[in-house]
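Written below as structure tokens is the structure these notes are about.
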């Protein structure tokens, strides 16, 4: 039977990896993106001819209804959000409207158009915030420390509410930090690997960061999108923590990145208080036992492999930029 997937946020890191995974599995893939004067399709350039892009907006209920009627998906992956945590303090209302209420609009559109559509909701480890226990599991209480985290908690619970109220197949993936060479440059991991590459190539002198002692559970985005797909192949909808079960500090991330190019972080890294969060999340560590046991999911790329991969990709990209500019 032919399967059709609709991915909101298809132009982002996760959307690009997920679209490629689904194409490899024989899906017809549709993607939703907001209307903009400039298209940001660089992450999906290599598969652009294989997918269909549609305009839609999490702020516009009617556009979501029309999109479901037009594409008739069997699976919907909601990856769209205002997902940069620091921005959620400067734009808290927009973050709530998109990252929180946007989930309600999608669920309501599914309920109206076709309740048989299976939906994946991208939840986040930021919901745990000021952690109440370590490691964090599916039953750990939430204590979000940013408007983004608060909005994600709303999206998580409204997904469960619609699942239980209307018998929808709607699952939450509580994904811990997942990175790749496709991660946006505004995120600390890409800021580090991009900065290391620029320092190595002589086009940058220093790398200024915030809290070097913050600890995260970092995995590879390409591994994590497979967990999303597995959730929608299960016999019943449920909620899963997706993580590696390993924890590393920002400092450790920097050390491996600089080691990759034969440099030492002490010579180049400085701390700038401007990059501290108003309410800091000091530590996150996920327990993926349920995903491993029930879905058979396992991460394949190690932390060290991930950091090295990102540095090497940034080195190649910046070398190309230097050649073009010379």
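The values are calculated or read from the model by the stated rules, or taken from the named source; none is laboratory data. Given the structure is predicted, the values throughout are model-derived calculations rather than measurements. Because the Cβ atoms are built from the backbone with ideal geometry, glycine has one as well, and the counts that use them run over all protein chains shown.
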- Message: I'm trying to understand the selection: among the residues of region 292-326, which are outside any loop (DSSP other than H, G, I, E, B), under 14 Å from residue 245 (Cβ atoms) and without any contact (Cβ under 8 Å) to a residue 12 or more places away in the chain?
- Response: 292, 293
- Considering each of 304, 298, 312, 294 in turn, give the residue that is within 13 Å of residue 230 (Cβ to Cβ), modelled with pLDDT of 95 or more and more than 19 Å from the chain's Cα centre (by Cα). 294
- For residue 53: the one exception among (1) touching a helix residue (DSSP H, G or I) at 6+ places or on another chain (Cβ under 8 Å); (2) over 23 Å from residue 166 (Cα atoms): (1)
- Task: Starting from region 122-140, keep only residues that are without any contact (Cβ under 8 Å) to a residue 12 or more places away in the chain, then list their pairs with residues that are surrounded by fewer than 24 Cβ atoms within 10 Å (Cβ to Cβ) and not in a strand (DSSP E or B) whose Cβ atoms are within a distance under 7 Å, requiring at least 6 positions of separation or different chains.
- Result: 132/140; 132/141; 132/143; 133/140
- Message: Taking the conditions exactly as written (in contact (Cβ under 8 Å) with a residue 60 or more places away in the chain and at negative phi), does residue 12 satisfy them or not?
- Response: yes
- Kindly indicate the residue of region 153-171 that is in a loop (DSSP other than H, G, I, E, B) and surrounded by 18 or more Cβ atoms within 10 Å (Cβ to Cβ) and also nearest to the chain's Cα centre (by Cα) among those meeting that condition. 169
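Quick grid of which residues meet (1) touching a strand residue (DSSP E or B) at 6+ places or on another chain (Cβ under 9 Å); (2) crowded, with 17+ Cβ neighbours inside 10 Å; (3) part of a loop (DSSP other than H, G, I, E, B); (4) in the same structural domain as residue 188 (by TED's automatic domain parsing):
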position	(1), (2), (3), (4)
94	no, no, no, no
107	yes, yes, no, no
121	yes, yes, no, no
138	yes, no, yes, no
- Taking the condition touching a residue at least 40 places away in the same chain (Cβ under 8 Å) and more than 17 Å from residue 15 (Cα to Cα), does residue 192 pass? yes
- Message: Are there helices (runs of 4 or more DSSP H) fully within region 172-291 with at least 3 residues that are outside the structural domain of residue 15 (by TED's automatic domain parsing)? List them.
- Response: 188-200, 250-260
- Message: Residue under question is residue 176, and the condition is that it be more than 21 Å from residue 95 (Cβ to Cβ), in contact with a strand residue (DSSP E or B) (Cβ under 6 Å, 6 or more places away or on another chain) and touching a residue at least 12 places away in the same chain (Cβ under 8 Å); does it hold?
- Response: no
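Rundown of residues vs (1) under 21 Å from residue 114 (Cα atoms); (2) surrounded by 15 or more Cβ atoms within 10 Å (Cβ to Cβ), yes/no style:
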position	(1), (2)
5	yes, yes
12	no, yes
15	no, yes
20	no, yes
28	yes, yes
31	yes, yes
35	no, no
40	no, no
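One line per residue, one yes/no per condition, for (1) closer than 19 Å to residue 191 by Cα; (2) modelled with pLDDT under 95; (3) buried (at least 20 other Cβ atoms within 10 Å of the Cβ):
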residue: 246; (1), (2), (3): no, no, no
residue: 255; (1), (2), (3): yes, no, no
residue: 261; (1), (2), (3): yes, no, no
residue: 273; (1), (2), (3): yes, yes, no
residue: 279; (1), (2), (3): no, yes, no
residue: 285; (1), (2), (3): no, no, yes
residue: 288; (1), (2), (3): no, no, yes
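Give the residue, chosen from 129, 100, that is under 19 Å from the mean Cα position of the chain (by Cα) and either within 14 Å of residue 59 (Cβ to Cβ) or in a helix (DSSP H, G or I) (or both).
Among 129, 100, only 100 is under 19 Å from the mean Cα position of the chain (by Cα) and either within 14 Å of residue 59 (Cβ to Cβ) or in a helix (DSSP H, G or I) (or both).
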